[in-house]
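All of the numbers you see were taken from the coordinates with simple rules; none came from a lab. Because the structure is a prediction, the values reported are computed rather than measured. Here the Cβ positions follow ideal geometry from the backbone for every residue, glycine too, while neighbour counts run over all protein chains shown.
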Amino acid sequence: MKARQPTSFLFDLDGTLVDSVYDHVLAWHDALQKEGIEVSIWRIHRRIGMSGGLFTRALARETGLEFSDEALARMRSHHAAHYNAHSSNTKALPGARELLKYLTDNYIPWAIATSGRMATAGPVLKILGVDADKVPVVTRDLVAYAKPDPDLFLAAAEKLGIEIETACVVGDSIWDMLSAQRARALGIGFLSGGYGTDELQRSGAYRVFDDPADMLAHIDEIGGRR
């Protein structure tokens with residue numbers, strides 16, 4: 001009989017482990033304004049978590065504008081500069097460090113998979129106390145497609161050496177939950193990114209928690225044991 005693999009956890013980063021969603025929203029707003037593009041902040045928020053390519057295509061549909069490769073490169077550069085200028089003030093979400101420590105101490109596999117590139121994810125990982133040389137971390141730079149495609153989480157599972165079907169994808173956005181479904185993993189949603197319970201459940205979340213602290217308090221209910 002094949003040995004049972006323990007439940008593993010594949011975490012999104014922004015809005016899931018660190019309180020940075022609105023930093024990204026304002027960074028993109030600043031980047032767009034520098035290009036002379038006015039977009040309501042709430043519309044930007046609804047796109048945070050998806051890949052940069054899909055993000056800009058969604059903006060193109062909403063604004064009726066076509067973005068050249070040069071303009072896209074400038075916007076990504078503006079976004080990274082604005083975000084990194086403020087990321088030193090970013091805080092880990094309540095219970096994030098404690099949750100990761102619990103998983104590590106109990107030999108429960110976990111990894112991080114983020115739509116952000118290492119240029120913006122790197123400083124935030126340090127704030128969280130995660131060493132990318134010791135913990136599997138997959139960023140947008142390492143896969144062909146980001147969320148809502150499943151590539152990030154599939155790559156994270158491969159780095160852990162686990163079967164994706166034994167994993168729970170933990171994220172704060174509908175894009176995380178859609179990715180989880182397409183990867184054939186269970187989805188766990190957090191409210192800490194600004195999406196509501198109904199939205200996360202409709203996108204595939206089988207459990208929804210407030211934040212990492214809430215998940216840790218119920219860890220036994222989602223297979224979080226050795």
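Things to note:
- One Cα centroid belongs to segment 166-184, the other to segment 25-70; the line between them spans 23 Å.
- Sequence-separation-based contact order of segment 84-188, relative, with Cα cut under 8 Å and 6+ spacing, percent: 22 percent
- Put simply, when 12-22, 130-140 are sorted by average Cβ atoms within 10 angstrom per residue, most first, you get 12-22, 130-140.
- Once backbone amide H atoms are built at 1.01 Å from N, Phe9 has Trp110, Ala111, Cys168 as its partners under 5 Å, excluding neighbours fewer than 5 places away on the same chain.
- If R0 is taken as 25 Å, the Cβ-Cβ distance between Arg182 and Glu62 corresponds to a FRET efficiency of 0.55.
- Cα gyration tensor shape of segment 182-226, rounded if a/c is under 1.5, else prolate or oblate by comparing a/b with b/c: oblate
- Formal net charge of residues neighbouring Ala180 (Cβ-Cβ distance under 15 Å; K, R +1; D, E -1): -3
- Spread over its residues, the convex hull of the C-alpha atoms of segment 21-88 is 76 Å³ per residue.
- Relative contact order of the chain: 27 percent, from C-alpha pairs under 8 Å at least 6 residues apart in sequence.
- Note on the chain: dipole from Cβ charges, positive end direction compared against Pro109, Gly161, Met177; the farthest Cα belongs to Gly161.
- Straight Cα distances below 19 angstrom link Lys91 to the lysines Lys101, Lys126, with same-chain residues fewer than 8 positions distant left out.
- 222 nm mean residue ellipticity, helices alone, for the chain (DSSP H n ≥ 4; -39,500 (n - 2.57); rounded to 500): -13500 deg cm²/dmol
- Of all DSSP beta bridges in the chain, antiparallel share, percent nearest 5: 5 percent
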